[in-house]
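For reference, the structure discussed in these notes is given below.
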Amino acid sequence: MYFDELDLSDDILDALDAMNFEECTPIQEKAIPPILEGKDIIGIAQTGTGKTAAYLLPILDELSSGLYPKNAVNCIIMAPTRELAQQIDQQVEGFGYYLQGVSSLAVYGGNDGQRFEQERKGLELGADIIIATPGRLISHLAGGHIDLTRTSFFILDEADRMLDMGFYDDIIKIASYMSAERQTIMFSATMPENIRKLAKNILHNYVEVRIAVSKPAEKIKQSALLCYDGMKDTIVEHILAPSKDKNAENPLDRVIMFASSKQKVKELTRTLKMKGFNVGAMHSDLEQKERDNILYEFKNRRISILIATDIVSRGIDIDDIQLVINYDVPKDAEDYVHRIGRTARANREGEAITLVNHKDWSYLLKIEQLIEKTIDKPELPEGCGEKPQMQSAAKKFQRRYHKYKKSAKKLLHKGKN
């Protein structure tokens, strides 16, 4: 379907033309019509499917109609991280370029008192759309800096991520400040029980739109390197070696490496810097200004390798990542999909390499089950050692488990007699 087949205003269509957007993605095609009809919806779609435009376009179209109060906060968009809030704000500017009088303001934590004061003044002056992280919005509500009683649209982007971060009660509290007549829109990459519970509490007679959840792009070349923990740093150095060649025809200068904790990110960053690699770190201990600067440097190729926690596994719009390395296997199979979804975007090709030790083998099996694909497990690079036999280790564990289970049954039976 083409955007001009939807019931969108000419000003919105002009902005889409200027951005070379012609055809809707599946989530946009299915979500925009019911949103325009005023229905509550929950959209299930992973990162990179165009879900931000799926809710922004109809909301901007509605707000540009002139039917909403000029001195009210007409729309609240919740995002789990500051980076995603900033990105949504930028997209509001792009899609709303030709609209008259539709304003937006991003509100997020991790800043100094001066930023908070600027936000307070901005909120008191009023804006049609507020894009906020939950904790920061709660702070402004507690201070009486914002009135949500006339808010018409409540949008939750990456709702599952917000719940994973412990924001369930904050979201319920924020919703309690709004009129029950509002239109509520939720987008989530997954549909666990806590998302269904949240939907039941804040949505009314909602439409569910579900698009191809949890399948990595076909153009991602996936592989798993089976290894011992002590091998990992050597393997990573071997993989990243081409990034040091400044004269290479196709330089390796767009790499994201994910680690399971901020401590591991810090350790890897120190180690690789000492080895002469051009790396930057992204984790929650950094101030907002530092995080902004790291992302800016990475986007502009002044940093070749970004080492990060899952803080950048969703919602960061960098289209030309060549390689994703999972230093640790994510315990949640869905997180694997989001991590490797940073590459092969916008119809490009990409590669994802995951380092797997014995304790992570079971997590890899869950990932393969989720994506319905066996991930290639090649030999380790030359000089990195021989890969361990994970399958035999798994079978050995399974045999021991059944042996202990059998023994336990015998003891239980004996006890009864």
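The order of Thr133, Thr234 by accessible area, most exposed first and with a 1.4 Å probe, is Thr234, Thr133.
Roughly how big is the range 216-350's charge dipole about its Cα centre, with Cβ charges of +1 (Lys, Arg) and -1 (Asp, Glu), in debye to the nearest 20?
On the way: 23 positive and 22 negative charges, 54 e Å.
That gives the range 216-350 a dipole magnitude of about 260 debye.
In order along the range 216-230, the Karplus-derived 3J(HN,Hα) couplings, from 6.51 cos²θ - 1.76 cosθ + 1.60 at θ = phi - 60°, round to x, 4, 4, 7, 8, 7, 9, 8, 10, 9, 7, 7, 8, 3, x Hz, and Gly and Pro are given as x. Note on the range 1-78: dipole from Cβ charges, positive end direction compared against Asn74, Met1, Leu36; the farthest Cα belongs to Asn74. Our estimate of slack between Tyr296 and Arg150, defined as 0.36 nm per intervening residue step minus the Cα-Cα distance, is 48.9 nm. Based on the Cβ-Cβ distance of Glu193 and Gln263, what FRET efficiency does E = 1/(1 + (r/R0)^6) give at R0 = 25 Å, to the nearest 0.05? Computed FRET efficiency for Glu193 and Gln263: 0.20.
Measuring nothing but protein heavy atoms, the accessible surface of the range 7-49 at 1.4 Å probe radius is 41 percent carbon and sulfur.
With a cut-off of 17 Å on the backbone N, the residues of the range 346-388 near the modelled label site 7 Å out from Glu22 along Cα-Cβ are 347.
Using the average count of surrounding beta-carbon atoms within 10 Å as a protection proxy, the listed peptides 22-33, 155-166 rank, highest first, as 155-166, 22-33. Take 77-85, 240-248 and order them by the average number of nearby Cβ atoms within 10 Å per residue, most first; the result is 77-85, 240-248. Summed over qualifying helices (DSSP H, 4 residues or more, each -39500 (n - 2.57)) and divided by its residue number, the chain shows a 222 nm mean residue ellipticity of -13000 deg cm²/dmol. Centre-to-centre, using Cα atoms only, the range 249-326 and the range 37-58 are separated by 28 Å. A simple spin-label model places pseudo-atoms 7 Å from Cα toward Cβ; at Asp10 and Leu286 they are separated by 4.5 nm. Toward the positive end of the charge dipole of the range 246-342, with +1 on the Cβ of Lys and Arg and -1 on the Cβ of Asp and Glu, the farthest Cα among Val279, Ile325, His338 is that of Val279.
The values are calculated or read from the model by the stated rules, or taken from the named source; none is laboratory data. Worth saying up front: this structure is predicted, and the values here are computed from it rather than measured. Here the Cβ is made from the backbone with ideal geometry for all residues, glycine too, and neighbour counts use every protein chain on show. Each accessible area value is taken on the protein alone, full model and side chains, heavy atoms only, with ligands, DNA and RNA left out. Shrake-Rupley method; radii C 1.70, N 1.55, O 1.52, S 1.80 Å.
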